[in-house]
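Inspection log for the structure reproduced underneath, given as structure tokens.
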Amino acid sequence: MNPLKKLAGQTVIYGLSSVVGRLLNYLLVPLYTRYFLPEEYGVVTEMYAYVAFLVVILTYGIETAFFRYSQKVPNKRTVYSTSLISLLITSAIFIVIIYISAQPIANWLQYPETPEYIKCFALIIGLDAVAAISFAKLREMNNASRFALIRLINIFINIGLNLFFIIYCPYSIENNLSSVEFVNSVYSEDIGIGYIFIANLIASIITFLMLLPEMIKSVWIFDKTLWKNMMIYAFPLLIAGLAGITNETIDRILLKHLLPEAVNASSELGLYGAFYKLSILMILFIQTFRFAAEPFFFAQEKEKNSKKIYADVMKYFVIITSLIFLIVSMFYDFIILFLGSDYHDPRGFKVVSILLAANLFLGIYYNLSIWYKLSEKTKYGAYLSIFGAVITLTLNFILIPIIGFVGSAWATLACYFSMTIASYFLGKTHYSIKYPLKRIFFYLGLVVSMYFTSIYLNSNKIDVLYIIIFISISFYLEKPKKAVISSPKLFD
């Protein structure tokens, strides 16, 4: 089977869980923005920003190491069992430490009355970290259907519990329904946004239980030598992951501390978190692509035309993400209705447009990053992410006090753009791939020109026309290769 078609097929299946599933999960945002004020939603935004850091720390790059050593070591089961045992031990230690320290941590976060939030997230993070390696095993085995099924069940449980606690329970009490006695036994109005976290915890527990068959079937062998080699490979990825998550989420942590005192920091954080969700299509496509692409890239390494395949993947990726940028930015006036009226801030359009562009470059960077993973020079991944983190931190410290969360959006774009440029030139030196730069720059230039003329003309009809033109041009330019995609010579 043609490798590009195989990647596309796997991307579609993974999309059932990460695109369709997460899209359903993101549909909770209208619920949150209508039932909770921006300052309340700001708490949710901040807590999940910290969670993102801790998940990276607790998985310490072992997923990518698992993919790499599953290709290198004859006994894949030993690679999985070693990874699983490692994560079980570190996750258990983490949960115990956080439980003991819950109150001091809550005090430090300025939520002294809710240490339960901290305990809840300790369990969520610990369970999700252990589950991550079993999900990685399903990906490595190309068992995309089971992967998608478990992910979807997790998401539907989370959504269902959110609807139950936030909508049904108050409605049942208010209208004295027959279920009110049961509702009173499980629901308390005082918990409020805490039910968002409780729903997440229950979903994580059920997901963990569904993955138990993979864990139980493990050979339960811990190979110390293999583990050391995996950690040597993974450590730079951990550093890169921490720097990367700094680039992705540090703005939502710093906002609370860098905004002027006269500004309601929690409210601004809630607004920014909601605007971030509006770039959902771009983020979800990139996440889905990564799920399918990472094992695909490793598997293609041994093929004679692997570099040509990587170059073609990059080109089609740019086409799709450029189209997503156009659709979301040009129809922002409709997309903003996704949020409650308290979140209709005029700064939203600028922030969403900037974040869309930022995530487009992040996706390009993910494509480029294959050079240091395949050449086993993962330290460069750490260097690049640290480079980006320095840009992110510097610009956030400079811009947040001046222009608030708009500055955070600009910092994100500057970071990912700089990392993309740096990774490209480093890759040319260490693992050269001949990307179709002229075609890529053409698509990006076309999108930029359409975006700015759309703002100037301010016409929905023109916006629709632009999208049709972009699709038509892309189809025309790429159509000849589609008919003969299995013939590598025609890509030259």
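Quick note: the coordinates plus some simple rules give every number you see, no bench work behind them. Since this is a predicted model, take the numbers as computed values, not measurements. Heads up, the Cβs are rebuilt from the backbone with ideal geometry, glycines too, and the neighbour counts pull from every protein chain shown.
As a quick test, which of the pairs LYS228/LYS315; LYS76/LYS315; LYS228/LYS308; LYS224/LYS373; LYS217/LYS307; LYS72/LYS428 have an alpha carbon distance above 30 angstrom in this structure?
Those over the limit are LYS228/LYS315; LYS76/LYS315; LYS228/LYS308; LYS217/LYS307.
Going toward the positive end of the dipole of segment 3-485, with +1 on Lys and Arg Cβ and -1 on Asp and Glu Cβ, which of LEU374, MET47, GLY273 do you reach last?
Final value for the positive-end residue is LEU374.
Please give the net charge around GLN110, taking every other residue with its beta carbon less than 12 angstrom from that of GLN110, where Lys and Arg add +1 and Asp and Glu add -1.
-1
Compute the distance from the alpha-carbon center of segment 52-80 to that of segment 200-250, in whole Å.
6 Å
Pick out, from ILE433, ILE124, PRO112, the residue whose Cα sits farthest towards the positive end of the charge dipole of the chain, with +1 on the Cβ of Lys and Arg and -1 on the Cβ of Asp and Glu.
ILE433
Once you charge only the Cβ atoms, +1 for Lys and Arg and -1 for Asp and Glu, what is the size of the charge dipole of the chain about its Cα centre, to the nearest 20 debye?
Approximately 2900 debye in magnitude.
For the chain, calculate the relative contact order in percent as a whole number, restricting contacts to Cα pairs under 8 Å that are 6 or more residues apart.
RCO, the chain: 23 percent.
For each of TYR187, TYR476, count neighbouring Cβ atoms within 10 Å of the residue's Cβ, then give the residues from fewest to most.
In increasing order of surrounding Cβ atoms, one gets TYR476, TYR187.
Give a quick list of trypsin sites (Lys or Arg not before Pro) in segment 138-199 that DSSP marks as loop, anything other than H, G, I, E or B, with at most 11 other Cβ atoms within 10 Å.
Loop-located and lightly packed - none at all.
Helix hunt in the chain: which complete DSSP H runs extend at least 27 Å axially by C-alpha with mean Kyte-Doolittle at least -1.0?
Taking the DSSP H segments of the chain (at least 27 Å long, mean hydropathy at least -1.0), we get 38-59, 76-100, 115-140, 144-163, 224-258, 280-300, 306-330, 348-368, 379-403, 405-430, 437-457, 460-482.
Could you pull out the GluC sites (Glu not before Pro) across segment 48-145 that fall in loop regions by DSSP (anything but H, G, I, E, B) with no more than 13 other Cβ atoms inside 10 Å?
GLU113
Putting +1 on Lys and Arg Cβ atoms and -1 on Asp and Glu Cβ atoms, find which of VAL96, ALA299, ILE198 reaches farthest to the positive end of the dipole of the chain.
ALA299
Quick check: net charge around MET230, other residues with Cβ under 11 Å of its Cβ, Lys/Arg +1 and Asp/Glu -1?
In short, +2.
If you keep only loop residues by DSSP, which chymotrypsin sites (Phe, Trp or Tyr not before Pro) in segment 356-390 have at most 13 other Cβ atoms within 10 Å of their Cβ?
none
Report, by chain and number, residues whose modeled amide H sits under 5 Å from the one on PHE331, excluding near sequence neighbours (fewer than 5 apart, same chain).
Under 5 Å from the amide H of PHE331: no residue qualifies.
Could you compute the net charge surrounding CYS415? Neighbours are other residues with a C-beta less than 11 Å from the C-beta of CYS415; K and R count +1, D and E count -1.
-2
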